[in-house]
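A short worksheet on the structure shown next.
The values are calculated or read from the model by the stated rules, or taken from the named source; none is laboratory data. These figures come from a predicted structure and were not determined experimentally. Cβ sites come from the backbone with ideal geometry, for glycine too, and all protein chains shown count toward neighbours.
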Amino acid sequence: METKNNTGNLFSNDQKGNDKAPNYKGKVKVNGKDMEIAAWVKEGKNGKYLSLSFKEPFKKTSGQLPDNFRIDSKDDMPF
């Protein structure tokens, strides 16, 4: 799906693995630049609202791991 300039889409995050993961994820294009968007449903003194985060899409380079990469135990380490 092609995103037009200054528009975007949010989709329910059906692979939410923990409480800190966003409720919604998607892609936007702002001023011609592709970005990723994440949204969390939060509760404040004035009721429910969406908290948003924008970041550049992850582009893997040789030997680089994504920011959310983690190894849960020593048994999973490759060395």
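Of note:
- Within the range 16-30, being under 15 Å from Leu50 (Cβ atoms) and either touching a residue at least 60 places away in the same chain (Cβ under 8 Å) or hydrophobic (A, V, I, L, M, F, W, C) (or both) holds for Ala21, Val28.
- The residues of the range 1-11 that are surrounded by 12 or more Cβ atoms within 10 Å (Cβ to Cβ) and in a strand (DSSP E or B), listed by number, are Gly8, Asn9, Leu10.
- Residue pairs whose Cβ atoms lie under 8 Å apart, sitting 6 or more positions apart in sequence or on different chains, and linking a residue in the range 1-15 that is within 13 Å of Lys33 (Cα to Cα) to a partner that is not in a strand (DSSP E or B), are Asn5/Asn31; Asn5/Gly32; Asn6/Asn31.
- Note on the range 19-41: among residues that are outside any loop (DSSP other than H, G, I, E, B) and of a type in the set (Lys, Arg), the one that is farthest from the chain's Cα centre (by Cα) is Lys33.
For (1) part of a loop (DSSP other than H, G, I, E, B); (2) under 28 Å from Asn5 (Cα atoms); (3) of a type in the set (Val, Ile, Thr); (4) modelled with pLDDT of 95 or more, each residue gets a yes or a no:
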position: Gly17; (1), (2), (3), (4): yes, no, no, no
position: Glu43; (1), (2), (3), (4): no, no, no, yes
position: Lys59; (1), (2), (3), (4): yes, yes, no, no
position: Asp67; (1), (2), (3), (4): yes, yes, no, no
